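In what follows, a structure is listed as structure tokens, so that the remarks can point back to it.
The values are calculated or read from the model by the stated rules, or taken from the named source; none is laboratory data. Here the structure is a predicted model, which is why all the values come from computation and not from measurement. Reconstructed Cβ throughout: ideal geometry from the backbone, glycine too, with neighbour counts over all protein chains shown. With ligands, DNA and RNA removed, areas are computed over all heavy atoms of the protein, side chains included. Shrake-Rupley method; radii C 1.70, N 1.55, O 1.52, S 1.80 Å.
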Amino acid sequence: MLRESMGLNRLRRLGPPATLWRLFSTCSPSVTVLDRLPSALGTLPPGLEAFRQARGIHRWSDRTNQTGSAELHRLPFSRVSEQDLTFFENLLPGRTITDPDVLMVHNVDWMKSVRGSSELLLRPQTTEEVSKILKYCCERRLAVNPQGGNTGLVGGSVPVFDEIILSTSLMNRILSFDKVSGIITCQAGCVLENLSTYLEEHDFIMPLDLGAKGSCQIGGNVATNAGGLRLLRYGSLRGTVLGLEVVLANGTILNLLTNLRKDNTGYDLKQLFIGSEGTLGVITAVSILCPRKPRAVNVAFLGCSSYRKLLETFQCCRGMLGEILSAFEFLDSACMKLLEKHLKLTNPIAENPFYIVIETAGSNATHDEEKLHSFLAEVMASCLVTDGTVATEDAKVKALWSIRERVTEALTHDGYTYKYDISLPLENIYQLVEDMREHLGNKATNVVGYGHVGDGNLHLNITSHSKDPDLLAAIEPYVYEWTARYRGSISAEHGLGLKKRNYIHFSKPPGAVALMNDIKHMLDPYRILNPYKTLPDHS
Ligand code: FAD
Ligand code: 2HG
Ligand code: ZN
């Protein structure tokens, strides 16, 4: 069925409509190229906070799943005393929190899969306050868990035992923005979405975007080296972060907050802290290079009959869309079923084994649409894609994106979720999902695959009724061995945190892990910063 719509009109303006329709219709009788989406798609993701309330929690002592080891013992850190409390109350009046209800939210991770038992939450507002906290904690041998928006997916953002939670939520000031260079400097606790909104008002955007943007903070993004949906276009934070301010474990303030694009004076120390997951220092401020806001954005949502065709579409897409391609994401039909079942989203196109989300972002709407039009005609004519819809208006663009962004949310309603975030050579990405399905048989409720094809990053998620040690034993170490066999990485973007720390050797040689341990020892000799995370237990 061919529906009249703005999108179609635009395509018609750009090329000979009869030819276009013939090309599309030779492959599929059900092609729709439209700019109109079912109203259910208009609903944007509800606040992450809602999920926090909605799901059950498991005590640390009950956990047997995805903690990286069955046994974990509290290291001999000091315990918070009355004198400690007095010190913190004097330093942070009204921001030294012991209320169990408030602490509960900060002790439990977003997935509700790990829970600590911290009795103290500190909310500094300035770098100097962070420095005084860490100096004191270091001298007193008190363990500290840095926390941003608490949206991390590997159990790194919450305490394991009674570590003091140091939240950056009140460090949320934008310090400067240079409209010529596009460099923004801000405190670490700025919420990603707030930064995006601020920048859009100045005709710029953040170089990263992810489903958790409404809650995650730029400090947490940097600490996890978050990838997200725009990495294909704007690269990793390792390139766009120009400077950092970090407080070391002993309270020393390390000011690396330059605004320079080029600086080859010695080692690039900021890189040590990007992706260090709160184990080497607390990031207090960030300066980051932002791209101009694109004048034209289009999103195409396409259906594909096989993973091989999806890869060919990617190849064609890179060739034909070139510099305007800003994202190439995928989800499989199992993800779509979960979106329909749990979130009542409607699939805007015909059912397919695979769905692709392609975004173009450029400075010339006509030029971009022409390119997209030619690309769509090509992939339809060559039967790489069987069905599709295109959106240009902001609300519809968001609605199409929400299909991809809300898969994580849909999974939370499908039972207990085991998450794997794997980098692989492109040709092997979906083979892991298929092999895992076969390997697990009917042990799992669902085995789904989605992710950032453009970055070679698969999100393999496996759900079960409830947490299930037998299922976990069937998944691990199988998934890590499989990944190592194809020379992949066991963490493409979420980090190692608590859950993956003991599997680091599947992706890094012993010499590299030993060097990491030496660096940790040099920067944090008493290991007070985020203990039990990132580095394996034996270190
Ligand atoms: P937290 O979760 O609070 O912390 C994460 C880690 O960083 C912890 O180890 C913590 O100790 C440390 N940390 C936090 N702040 C600081 C600081 N100031 N200094 C030092 N250490 C600190 N990740 C991706 O890479 N790509 C995605 O597309 C993506 N999508 C997501 C979608 C959803 C719905 C959810 C829930 C999560 C997603 N994530 C994604 C995972 C998560 O890594 C990111 O949401 C984000 O980078 C974490 O930021 P945060 O502020 O919530 O950090
Ligand atoms: C995404 O790309 C996030 O949507 C989350 O990185 C992935 O939940 C996941 O496994
Ligand atoms: Zn991701």
Give the separation of the Cα centroids, the range 203-246 to the range 405-438, in Å.
22
Extending each Cα 7 Å along its Cβ direction at GLU351 and ARG437, get the distance between those two points in nm, one decimal.
1.3
Ranked highest first by the average count of other Cβ atoms within 10 Å around their residues, in what order do 292-301, 351-360 fall?
351-360, 292-301
Taking 0.36 nm per intervening residue step and subtracting the Cα-Cα distance, what contour gain separates MET104 from SER81 on full extension?
6.3 nm
Once both labels are modelled 7 Å past Cα along the beta-carbon direction, what's the THR126-ASP537 spacing in nm?
4.3
Between the range 367-403 and the range 448-466, the Cα center-to-center distance that results, in Å
23
Nitroxide proxy distance, nm - points 7 Å out along Cα→Cβ at LEU170 and SER333
5.4
What FRET efficiency comes out for ARG292 versus HIS413 if R0 is 30 angstrom and r is the Cβ-Cβ distance? Round to the nearest 0.05.
0.20
With a/c under 1.5 counting as rounded, go ahead and sort the range 82-149 into rounded, prolate or oblate using the C-alpha gyration tensor (a ≥ b ≥ c being the square roots of the eigenvalues; past the cut-off, prolate if a/b is larger than b/c, else oblate).
prolate
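Given a Förster radius of 30 Å and the C-beta distance between GLN315 and THR258 as r, what FRET efficiency does 1/(1 + (r/R0)^6) yield to the nearest 0.05?
E(calc), rounded to 0.05, equals 0.20.
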Rounded to a whole %, the carbon-and-sulfur portion of the accessible area of the chain at a 1.4 Å probe is 53
Quick one: dipole size for the chain, taken about the Cα centre, charges +1 on Lys/Arg Cβ and -1 on Asp/Glu Cβ, in debye to the nearest 20.
300
Please report how far the C-alpha centroid of the range 85-131 lies from that of the range 250-324, rounded to the nearest whole angstrom.
30
List residues of the range 371-405, by number, whose backbone nitrogen lies under 20 Å from a label position 7 Å along Cα→C-beta of ASP203.
394
I need the Kirkwood Rh of the range 397-539: take the reciprocal of the average 1/r across all distinct C-alpha pairs and report it in angstrom.
16.5
So how much slack lies between VAL180 and GLN271, counting 0.36 nm per residue of separation and subtracting their Cα-Cα distance, in nm?
30.2 nm
Solvent-accessible area per residue for the chain at a 1.4 Å probe radius, Å²?
40
Protection proxy (average C-beta count within 10 Å per residue), highest first, orders 405-414, 195-204 as 405-414, 195-204
Calculate I(q)/I(0) for the chain by the Debye formula, one identical point scatterer on each C-alpha and no solvent, and give its log10 at q = 0.11 Å⁻¹ to two decimals.
-0.98
Quick check on packing: order 455-463, 114-122, 215-223 by the mean number of other C-beta atoms within 10 Å, highest mean leading.
215-223, 455-463, 114-122
Computed FRET efficiency, Cβ-Cβ of SER374 and ARG485, R0 45 Å: what is it to the nearest 0.05?
0.70
